[in-house]
Amino acid sequence: ERAYINDEFTALSTEVDRIANVTEFNGLALADGTNATLNVQVGINNVAANDRIAVTLGDLTAATLGVDTGSIDLSTAAGAQGALAGLDTALDSVNQYRSDYGATQNRLDSAFRSLSNYSQNLAAAESQIRDTDFAAESAEMAKQQIMQQAGVAALAQAKNINAQAAQLI
């Protein structure tokens, strides 16, 4: 029966390595330990301290977690107890990474909300500027139309005066 448990453990350890080796984002390995950080641009400028969030990447391979087949011996009771202690340590490591990733996700969500708010405010300001220009041009057009109508009325009045003068003669 220990042989079956050992076979299952070997398969699970291999699967842990497979998952760590294929987990990628945008071509960047996230869980095999080859990259230490992933920088995410979250601001409009290029200032590292203010406009980027660094996501610390971990090494979640079986060897690093202490659950590779070379460090675990399930053929004896003592080895199985040691394996359980190793699995507890591995779970603690994974939970720590999950906690760190959760905190980083909260920071990214906050940055996203802030950028969305900034974008909406910018669009509102642009709309207000465009509306102000439109209103000014509309007022200028109304002014020019009134001046044109006044000119036409003055010409009509002048023509009327000439006609009245001609009648008097």
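Where a number appears in this text, it was derived from the coordinates with a stated rule and is not lab data. No experiment lies behind these values; they were computed from the predicted model shown. Reconstructed Cβ throughout: ideal geometry from the backbone, glycine too, with neighbour counts over all protein chains shown.
Please go through segment 108-165 and pick out each residue that is within 30 Å of residue 39 (Cβ to Cβ), among the hydrophobic types (A, V, I, L, M, F, W, C) and free of Cβ contacts under 8 Å to residues at least 60 places away in the same chain. Across segment 108-165, the qualifying residues are 122, 123, 125. Give segment 53-93 a look and list any residue that's within 28 Å of residue 24 (Cβ to Cβ), touching a helix residue (DSSP H, G or I) at 6+ places or on another chain (Cβ under 7 Å) and surrounded by fewer than 14 Cβ atoms within 10 Å (Cβ to Cβ), or say none. 56 - this is the single residue of segment 53-93 that is within 28 Å of residue 24 (Cβ to Cβ), touching a helix residue (DSSP H, G or I) at 6+ places or on another chain (Cβ under 7 Å) and surrounded by fewer than 14 Cβ atoms within 10 Å (Cβ to Cβ). Among the residues of segment 18-59, the ones that are of a type outside the set (A, V, I, L, M, F, W, C), assigned to a helix (DSSP H, G or I) and under 25 Å from residue 93 (Cβ atoms) come to 2 in all.
Kindly indicate whether residue 98 is within 30 Å of residue 9 (Cα to Cα), charged (D, E, K, R) and part of a helix (DSSP H, G or I). First the steps, then the outcome.
Numbers: within 30 Å of residue 9 (Cα to Cα): yes; charged (D, E, K, R): yes; part of a helix (DSSP H, G or I): yes.
Yes; evaluated as a whole, the condition is true for this residue.
Scanning segment 1-28 for residues that are without any contact (Cβ under 8 Å) to a residue 24 or more places away in the chain and surrounded by 16 or more Cβ atoms within 10 Å (Cβ to Cβ) yields a count of 0. Has segment 111-133 got at least one residue that is surrounded by 10 or more Cβ atoms within 10 Å (Cβ to Cβ) and touching a strand residue (DSSP E or B) at 6+ places or on another chain (Cβ under 9 Å)? For segment 111-133, residues surrounded by 10 or more Cβ atoms within 10 Å (Cβ to Cβ) and touching a strand residue (DSSP E or B) at 6+ places or on another chain (Cβ under 9 Å): present. Apart from one condition, residue 94 fits all of (1) β-branched (Val, Ile, Thr); (2) within 20 Å of residue 21 (Cα to Cα); (3) in contact with a strand residue (DSSP E or B) (Cβ under 7 Å, 6 or more places away or on another chain); the exception is (3).
Among the candidates 103, 90, 78, the residue that is within 18 Å of the chain's Cα centre (by Cα) and farther than 20 Å from residue 45 by Cα is uniquely 103. Each residue in segment 24-52 was checked for being basic (Lys, Arg) and touching a helix residue (DSSP H, G or I) at 6+ places or on another chain (Cβ under 6 Å), and 0 pass.
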